[in-house]
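This report refers to the structure that appears directly beneath it.
Here, each number is a calculation from the coordinates, and none is a lab measurement. Computed from a predicted structure; not experimentally measured. Note that each Cβ is placed from the backbone with ideal geometry, even for glycine, and that neighbours are counted across all protein chains shown.
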Amino acid sequence: MEQKTTELWHKFSDSLRRFILKKVKNEDLADDLLQETFIRIHSKIDSLRDETKVQSWIYQIARNIITDHFRKNNPISVEEIPEVIDPETESDEAMTQTIRDMVLFMKDLPEKDCQALCQVEFEGKSINEYADKAGLTYTAAKTRVARARHKLSDLLMNCCHYEFDKYGTVIGYHPIHCCCCNQNK
């Protein structure tokens, strides 16, 4: 197993470091996350079922490490959500605008619903974690999150007509009546 990890290090460490650095934009952090990635690779190498897919398996581990880092160290509050959207890096204007609209409408949701969505969708907490923090049962927390999503969806759909591709990505929209969409254009 150790020899296998060493081989993978020699083969993938440089390109994996560039991949991580592109995501985190910090040399020292990229080195730390690369090391953490290879620790996880080493500990999970026996779970790799198809060795022809080793590269995608390694990059998925790196993506998970990066996501975990940002979830732990940069939880997002409702006030900060609009700053997360960078129009220069977001290639799809319709999706960017929809996210902005969603954030505006989240502020109009009841506080409990907004907190449920923020913690589960933006801070990356599981429903169990949210339930513990909110003092709810798992079922009650799951119901609250589902209802909050439904309320937010209703607010969005009452404001605009959205067109989606087969993956659920917003590819177009037009306002049904004067709302937040018109304020941002």
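Applying 0.36 nm per residue to the separation of residue 70 and residue 32 and subtracting their alpha-carbon distance, the gain on full extension is 12.3 nm.
Seen from residue 136, the other residues with C-beta closer than 12 Å to its C-beta sum to a net charge of +2, counting Lys and Arg as +1 and Asp and Glu as -1. Note on segment 2-73: the alpha carbon radius of gyration divided by the globular reference 2.2 N^0.38 Å gives 1.05. Here's how it looks for residue 160: its modeled amide H is under 5 Å from those of 176, which are all 5 or more places away or on a different chain.
Length available on full extension from residue 107 to residue 63: 0.36 nm per residue minus the Cα-Cα distance, which gives 12.8 nm. In this structure, the pairs whose alpha-carbon distance is over 28 Å, taken from 23/142; 25/107; 22/112; 72/107; 4/166; 25/166, are 23/142; 25/107; 22/112; 4/166; 25/166.
Remark on residue 172: its backbone amide H falls under 5 Å from those of 163, a criterion applied only to residues 5 or more positions apart or on other chains, H modelled at 1.01 Å from N. Our coupling estimate for segment 139-144, obtained by passing each phi through the Karplus curve with A = 6.51, B = -1.76, C = 1.60 and θ = phi - 60°, is 4, 5, 5, 4, 5, 4 Hz, Gly and Pro reported as x.
With a Förster radius of 22 Å applied to the C-beta separation of residue 43 and residue 126, the computed FRET efficiency comes to 0.50. Applying 0.36 nm per residue to the separation of residue 18 and residue 153 and subtracting their alpha-carbon distance, the gain on full extension is 44.8 nm.
In whole Å, how far is the Cα centre of segment 134-153 from that of segment 1-73? About 34 Å separates the Cα centre of segment 134-153 from the one of segment 1-73.
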